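Trainee: Pasting a structure here, questions to come.
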Amino acid sequence: MILTPEQKDIINSTGNIKINAVAGSGKTTTIIEYARTRPSTSKILYLAFNKSVKIEAVKRFAEAGLTNVKVETAHSLAYRHIVFQNNYVVRPSGYKTHEIAELLGLKGNGEKHAEFMVANHISKFIAYFCNSDKLKVQELNYREVMTDAKARKFVDSFYEIIEAQTRQLLSKMDKGEIDITHDFYLKKFQLSGIQLNYDYILFDEGQDASAAMLDLFFRQSATKVIVGDTHQQIYGWRFAVNSLEKADFKTFNLSQSFRFSQDIANLAMEILYWKNHLGSYHPVKILGMGTTKSVKTKAILARTNLGLLLKAIEYVTESTKVKSIYFEGNINSYTYADDGASLYDVLHLSSGKNTLIRDKLIKEMKDMAELEEYIEKTEDVQLGMMVDIVKEYGKDIPDILKKIKAKHVGDEDKDKAEMIFSTVHRCKGMEYDSVQLVSDFITEEKLEKLIKTVSEEELNPAKLNEEINLLYVAVTRTKNSIHLGEGLMPKKFPVSPQIHILKNEAEVKIEKPAEFKSFPKPLRRKFTEEPPKERSYSVDKVRENFQEAYKPWSPEMDSELTVMFCEGVNVKDLAKHFGRTKNAIRKRIEKLELEDLYGG
């Protein structure tokens, strides 16, 4: 194996170190080689961020013949030390809002559904504490994590109750009176001060570690290596902290990406430069060494569940010949909130069919107005997105989901899917040959507008920094090419054979005009913001709307169309890109025999 000078420096290092590794830079390979060069008698612990990373790491270390390396996640370590020794019973899915209200006997004080709102904040306060490095709940100020004014006002009014009941629920878990959660036993593991019997501890994906995990890691006497990418921190909403910045270790970089080319590397760096709007920023230069030319795996990536579902609906209705698609994390995970409510529950509430609602919290709501008030006062983002989807598609939702699920393949056939759909959070660590981005990410224009119009007190630089990271992570999932709307492209950035601009890609809007607030219009009219008008089919009118539609196709345009077709861009997006009608695109595809040559 030929190692880069950066990799050799890491392997030959001594003492505690941190490695800032850009996307696709071969950090796992580097860590394996680091472990290989340590004495064979050394006990080495490799800490993976989650189970999927652990499974892959076990395989990689086994293939390298490194039997002295133990691979664990922080949770698997904590489970062994805390759950087994205390005979706890774990509740895998945690507690739903209505269950917390029942367990603690919460009562309303006259404000509608106050007991559920308090229970929701208790659940979040527990997560906040369990992921922190603090010893006591009282050392934290839960108000600090509130961003919405209405939610903050509600928390202020009920703060004493929320804090006291948070401590009460934790106490019930500690005494074994009720089942414990994953967050709880990890927190207890951190508070135990256990010293692990290892000579080296290798902590991967460090940028996504919670303060609790980081505190446990720092307190170990072993030689410590923490590796990650500062710009891939996208779990702040789960109270992750940027561990690389907090680790006072000697710094090494892995700046060469073997995943993508220099063109993609330049695009990624240009997006990271947006951070200069938030303060002085100097990124590590990324060297793109990738040489992938083929396009076998294609993916559409979005910032939000809503943005992804909108694009998936558009894709399956426009690309009628597509037979198989795949959602990272399975399609069902996009229609259920963590708290257990389903998209169907919200739909039934919207249509007044309350007897069909299964989730107890949603069932308590009289109508959508009450649910939206609850969402505002709890900052429940997932429920908020479900409301948006219901407002957009209404009674068409069951048929839409049925159509999508009919084309969805299982995990074992993922490699056969014609298109993979995912949010950025779910595709973390994945890579695809070709990527198309939904336009629901932050843009530089939005960023500049926020900085100019939002007061310094209300501006959240950490949140905005994470929004930039989300776009960076999305861009760096590709091995070959990327398609994105004009709004996501950095200013004056040159296009290239690997970077395609979807010229007329509309920004995905969550908030709709006033007339969209009422119960939804039929699916076929979902993209219009005006009532249906009498249509004119005059040739002049068509020519006016599609001025580019009748220009001859040049060899260059045919080549671009062929590439985009092969990479899975649907007819609607192709029509937007080339400024032509969908019918014109279909005819050109037929003329070039792209269906026969490359398949639908």
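The values are calculated or read from the model by the stated rules, or taken from the named source; none is laboratory data. What you see is a predicted model; the values in this text were computed from it and never measured. Cβ placement follows ideal geometry from the backbone for every residue including glycine, while neighbour counts extend to all protein chains displayed. To get the accessible areas, we keep the full protein, side chains included, count just its heavy atoms, and leave off ligands, DNA and RNA. Shrake-Rupley method; radii C 1.70, N 1.55, O 1.52, S 1.80 Å.
Trainee: Condition first: farther than 16 Å from residue 76 by Cβ and of a type in the set (Val, Ile, Thr). Now tell me which residues in the stretch 159-209 satisfy that.
Mentor: 161, 162, 166, 178
Trainee: Here's a check for you: in the stretch 1-29, which residue that is out of contact with any helix residue (DSSP H, G or I) (no Cβ under 9 Å at 6 or more places or on another chain) and surrounded by 18 or more Cβ atoms within 10 Å (Cβ to Cβ) is nearest to residue 475 (Cα to Cα)?
Mentor: 24
Trainee: Continuing with the same structure: Does residue 235 count as touching an Asp or Glu at 6+ places or on another chain (Cβ under 8 Å) and more than 24 Å from residue 490 (Cβ to Cβ)?
Mentor: Answer is yes for this residue.
Trainee: While we're looking at this one, here's another question. Output the residues belonging to the stretch 317-332 that are open to solvent by 20 Å² or more (accessible area, probe 1.4 Å) and either of a type in the set (Val, Ile, Thr) or in a helix (DSSP H, G or I) (or both).
Mentor: Hits for the stretch 317-332 are 317, 318, 320, 332.
Trainee: Now for a separate question. With the requirement that a residue be outside any helix (DSSP H, G or I), over 18 Å from residue 129 (Cα atoms) and within 30 Å of the chain's Cα centre (by Cα), what does the stretch 145-176 give you?
Mentor: 148 - this is the single residue of the stretch 145-176 that is outside any helix (DSSP H, G or I), over 18 Å from residue 129 (Cα atoms) and within 30 Å of the chain's Cα centre (by Cα).
Trainee: Could you grab the pairs with beta carbons closer than 8 Å, sequence gap of 6+ or different chains, first residue in the stretch 61-76 and free of Cβ contacts under 8 Å to residues at least 40 places away in the same chain, second one open to solvent by 20 Å² or more (accessible area, probe 1.4 Å) and among the basic types (Lys, Arg)?
Mentor: 64/36; 66/36; 68/43; 71/54; 72/54; 73/51; 73/54; 76/54
Trainee: Separate question: Looking at (1) farther than 21 Å from residue 151 by Cβ; (2) in contact (Cβ under 8 Å) with a residue 12 or more places away in the chain, which is the only condition residue 364 fails?
Mentor: (1)
Trainee: Considering only residues of the stretch 30-87 that are open to solvent by 30 Å² or more (accessible area, probe 1.4 Å) and hydrophobic (A, V, I, L, M, F, W, C), which is nearest to residue 192 (Cα to Cα)?
Mentor: The extreme case among them is 84.
Trainee: Across the stretch 211-220, what is the total count of residues that are in contact (Cβ under 8 Å) with a residue 40 or more places away in the chain and either touching a strand residue (DSSP E or B) at 6+ places or on another chain (Cβ under 6 Å) or open to solvent by 10 Å² or more (accessible area, probe 1.4 Å) (or both)?
Mentor: Total meeting the criteria: 5.
Trainee: So, one more: Please work out if residue 586 is among the basic types (Lys, Arg), within 26 Å of residue 438 (Cα to Cα), modelled with pLDDT of 50 or more and not in a helix (DSSP H, G or I).
Mentor: Details: among the basic types (Lys, Arg): yes; within 26 Å of residue 438 (Cα to Cα): yes; modelled with pLDDT of 50 or more: yes; not in a helix (DSSP H, G or I): no.
When the stated conditions are applied, residue 586 does not pass them.
Trainee: Please enumerate the residues belonging to the stretch 326-349 that are in contact with a His (Cβ under 8 Å, 6 or more places away or on another chain) and among the aliphatic types (A, V, I, L, M).
Mentor: 331
Trainee: Just a yes or no: is a residue in the stretch 190-202 surrounded by 24 or more Cβ atoms within 10 Å (Cβ to Cβ), in contact (Cβ under 8 Å) with a residue 24 or more places away in the chain and either among the β-branched types (Val, Ile, Thr) or in contact with a Ser or Thr (Cβ under 8 Å, 6 or more places away or on another chain) (or both)?
Mentor: no
Trainee: Let me ask something else about it. Going by the conditions given, is residue 162 surrounded by 14 or more Cβ atoms within 10 Å (Cβ to Cβ) and closer than 30 Å to residue 383 by Cα? Don't jump to the end; show me each part of the working.
Mentor: On the way: surrounded by 14 or more Cβ atoms within 10 Å (Cβ to Cβ): yes; closer than 30 Å to residue 383 by Cα: yes.
Here the answer is yes, as residue 162 does meet what is asked.
Trainee: Among the residues of the stretch 479-495, which ones are assigned to a strand (DSSP E or B), of a type outside the set (A, V, I, L, M, F, W, C) and under 22 Å from residue 572 (Cα atoms)?
Mentor: Of everything in the stretch 479-495, those that are assigned to a strand (DSSP E or B), of a type outside the set (A, V, I, L, M, F, W, C) and under 22 Å from residue 572 (Cα atoms) turn out to be 481, 483, 485.
Trainee: Another question about this same structure. Looking for whichever is in contact with a Lys or Arg (Cβ under 7 Å, 6 or more places away or on another chain), at pLDDT 50 or above and over 18 Å from residue 315 (Cβ atoms) here; the options are 503, 576, 551, 591. Which one fits?
Mentor: Values: 576 fails: over 18 Å from residue 315 (Cβ atoms); 551 fails: in contact with a Lys or Arg (Cβ under 7 Å, 6 or more places away or on another chain); 591 fails: in contact with a Lys or Arg (Cβ under 7 Å, 6 or more places away or on another chain).
Answer to the selection: 503.
Trainee: Of the residues 78, 62, 48, 35, only one is at pLDDT below 90 and of a type in the set (Gly, Ala, Ser); which?
Mentor: When all the criteria are applied, what remains is 48.
Trainee: Find the residue count for the stretch 447-504, including only residues that are of a type in the set (Asp, Glu) and crowded, with 23+ Cβ neighbours inside 10 Å. If you could, list the steps in order and put the result at the bottom.
Mentor: Kept after step one, since they are of a type in the set (Asp, Glu), are these residues of the stretch 447-504: 448, 456-458, 466-467, 486.
Going one step further and asking which of them are crowded, with 23+ Cβ neighbours inside 10 Å, we end up with none.
Total satisfying the criteria: 0.
Trainee: Looking at (1) touching a Lys or Arg at 6+ places or on another chain (Cβ under 8 Å); (2) open to solvent by 40 Å² or more (accessible area, probe 1.4 Å), which is the only condition residue 420 fails?
Mentor: Going through (1) touching a Lys or Arg at 6+ places or on another chain (Cβ under 8 Å); (2) open to solvent by 40 Å² or more (accessible area, probe 1.4 Å) one by one, residue 420 breaks only (2).
Trainee: Now, a different point. Taking the criterion of being assigned to a loop (DSSP other than H, G, I, E, B) and polar (S, T, N, Q), would at least one residue in the stretch 460-467 satisfy it?
Mentor: Yes.
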